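This report refers to the structure that appears directly beneath it.
The values are calculated or read from the model by the stated rules, or taken from the named source; none is laboratory data. Note that the coordinates shown come from a computational prediction; the quantities given were computed from them, not determined experimentally. Because the Cβ atoms are built from the backbone with ideal geometry, glycine has one as well, and the counts that use them run over all protein chains shown. All accessible areas refer to the heavy atoms of the entire protein, side chains included, with ligands and DNA or RNA removed. Shrake-Rupley method; radii C 1.70, N 1.55, O 1.52, S 1.80 Å.
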Amino acid sequence: MDMLELKNVYQSYHKHKPILHGITLTIKQGQFVSVIGPSGAGKTTLLRLFNHMACPVSGEVWVGGLRFDTLNGQKRRQVQHRVGMVFQDFCLVEESTCLQNVLNGCLADMPIWRVLSGHFPARVQEQARAALQQVGLAEQEHALAASLSGGQKQRVAIARALLQKAEVLLADEPVASLDPMTAQQILVLLRKLQRQEGLTVVMNSHNVEQAKKFSDRIIGLREGKIYYDAAPEQWTEQDFVQLYGRGIS
Ligand SMILES: Nc1ncnc2c1ncn2[C@@H]1O[C@H](COP(=O)(O)OP(=O)(O)OP(=O)(O)O)[C@@H](O)[C@H]1O
Ligand SMILES: [Mg+2]
């Protein structure tokens, strides 16, 4: 099944400064895709199209077989629900516990009084504990996020997306702030979730070696256009050099 699709997408934040120029791509359910390319190429913008943090000027965005960019209200939220996101800086509530942070993943499902009271049903709390277990943090549920290492924080952020029951995980440089060993462990976790849970992962990265090692497919973006899109083994050293090198003064 096609999980994510862009059809001839143009995007710009300001009228005269186009960022994405006619992007067309399809990502199958359960694929692990890395998006690489120079700073400013449009990688984050591309990712944001899939959770409506960025909107196309023209073209179409499809998520899970639904035209997403033109959806509104409840219908749009339903699709957004299927898409989780993790960030380089984790985006946790530092003064809350691991469990509370994971529970934040299902706030959109909760009636407002439950959100305000912070009281989640026992069933949901159990699911949150199970998500923490899946990412190897079962023992840390009462620890404050502020007290965790970077790798542990990213695990909590991933557990939060799992509780949200996201089918797609958008990961914007998820391991860029982590030491190499911890980064490797997080990528192994993402790969495991992709394989075991059928999660579709789209990861922005500046690390070519990690992209090669963990992805089914690498999309090279340059100046808002797809420069090359192929399986890691099809990319040559020359391709990587040209993606980053050409035009740099
Ligand atoms: N919210 C915004 N408002 C205006 N311009 C933006 C906004 N976000 C990004 N841009 C511009 O869009 C272009 C692409 O930015 P984007 O963040 O998508 O690139 P990127 O490939 O993710 O870069 P990096 O590797 O540095 O993260 C840049 O020129 C950037 O300045
Ligand atoms: Mg970026």
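As a calculated quantity, the FRET efficiency between Lys165 and Ile112 at R0 = 25 Å, using C-beta atoms, amounts to about 0.75. Looking at the P(r) of the chain, how many percent of alpha-carbon pairs lie beyond 32 Å? So the portion of pairs separated by more than 32 Å is 22 percent. Annotation: extensible slack from Gln78 through Glu94 equals 3.0 nm (criterion: 0.36 nm per residue apart, minus Cα-Cα distance). The residues of the stretch 21-119 have, on average, 47 Å² of accessible surface per residue, using a 1.4 Å probe with all protein chains present.
Counting only Cβ charges, +1 for Lys and Arg and -1 for Asp and Glu, the dipole size of the stretch 117-249 around its Cα centre is about 240 debye.
Classify the stretch 1-73: rounded, prolate or oblate, from the alpha-carbon gyration tensor (a ≥ b ≥ c, eigenvalue square roots; a/c under 1.5 rounded; otherwise prolate if a/b is larger than b/c)? Oblate, since a/c reaches 1.5 and b/c is not below a/b. Were the residues from Met1 through Glu60 laid out at 0.36 nm apart, the gain over their Cα-Cα distance would be 19.5 nm. The lysines within cross-link reach of Lys7, meaning a Cα-to-Cα straight distance under 16 Å and a gap of 8 or more places when in the same chain, are Lys28, Lys225. State the percentage of accessible surface on the chain attributable to carbon and sulfur atoms; use a 1.4 Å probe and exclude ligands, DNA and RNA. It is 51 percent, rounded to a whole number.
For the residue pairs Lys17/Lys213; Lys15/Lys153; Lys153/Lys192; Lys17/Lys192, the C-alpha atoms sit more than 29 angstrom apart in Lys17/Lys213; Lys15/Lys153; Lys17/Lys192. What distance in nm lies between label points placed 7 Å from Cα along the C-beta direction at Ser177 and His119? Result for the modelled spin labels: 3.4 nm. Scalar couplings 3J(HN,Hα) for the stretch 58-65, obtained by applying the Karplus form with A = 6.51, B = -1.76, C = 1.60 to θ = phi - 60°, are 8, x, 10, 10, 10, 10, x, x Hz; x denotes Gly and Pro.
According to the calculation over all Cα-Cα pairs in the stretch 134-200, the P(r) per 5 Å bin from zero is 3, 16, 30, 26, 18, 6, 0 %.
For Lys212, the aspartates and glutamates whose Cα falls under 16 Å of its own Cα, not counting residues fewer than eight places away in the same chain, are Glu173, Asp229, Glu233, Glu237, Asp239.
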